[in-house]
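What follows is calculated from the coordinates using simple rules that are stated; it is not laboratory data. Just so you know, these numbers come straight off a predicted model, no measurement behind them. Ideal geometry is used to build each Cβ from the backbone, glycine not excepted, and the neighbour counts take in all protein chains shown.
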Amino acid sequence: MAKEIERAGIPTAYITTIVPLAQSVGPNRIVAGKAVIHPTGDPALASDEERAFRRRLVRRALDALETDAREPIVLRLEDRGAGGGLART
C-alpha cells in the first residue's frame, strides 16, 4: 500500500518491526518499531516514559517524510544524530 501511495506522489513512512520483510516489499521509508507485539510502544516502560517513546517514534516517522528517498531506507530511533538529522542503515 505504501508503494502505491508513493506512486501517487504522497510520501509515506512505514513503521514496522519486521524490517527485512518491509525491505523486500520496498517502501521508500521504513521506520523500525519496538517489537512485533508492540511496534509503536513499550509496555515495560512507565506510562510517561512510554508516551515519550511513542512521541519520539512518531517524530522519527515525520522526519522520514521530509527525507527524499528514491530507494528503500531504514531509519531507527537509536540512529538519530545529536543534531536531529536522520541516520540511515
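Once both axes come from the Cα atoms, what is the angle between helix 47-65 and the longest principal axis of the chain, in degrees from 0 to 90, rounded to 10?
Relative to the chain, helix 47-65 is tipped by roughly 20 degrees.
May I ask you to list the trypsin sites (Lys or Arg not before Pro) in region 13-80 that are in a DSSP loop and have at most 13 other Cβ atoms within 10 Å of their Cβ?
Passing both the DSSP loop test and the Cβ count: Arg70.
Pull out a ≥ b ≥ c, the square roots of the eigenvalues of the alpha-carbon gyration tensor of region 2-79, then state rounded if a/c is under 1.5, prolate if not and a/b is larger than b/c, and oblate in the remaining case.
prolate
Can you tell which of Ala61, Ala44, Ala32 shows the greatest fluctuation in a Gaussian network model of the chain with Cα springs below 10 Å?
Ala44
Between Glu71 and Glu4, what is the spin-label point distance in nm, taking each point 7 Å from the Cα along the Cα→C-beta axis?
2.6 nm
At 7 Å along Cα-to-Cβ for each site, give me the label-to-label distance between Glu49 and Val25 in nm.
According to this spin-label approximation, the distance is 3.1 nm.
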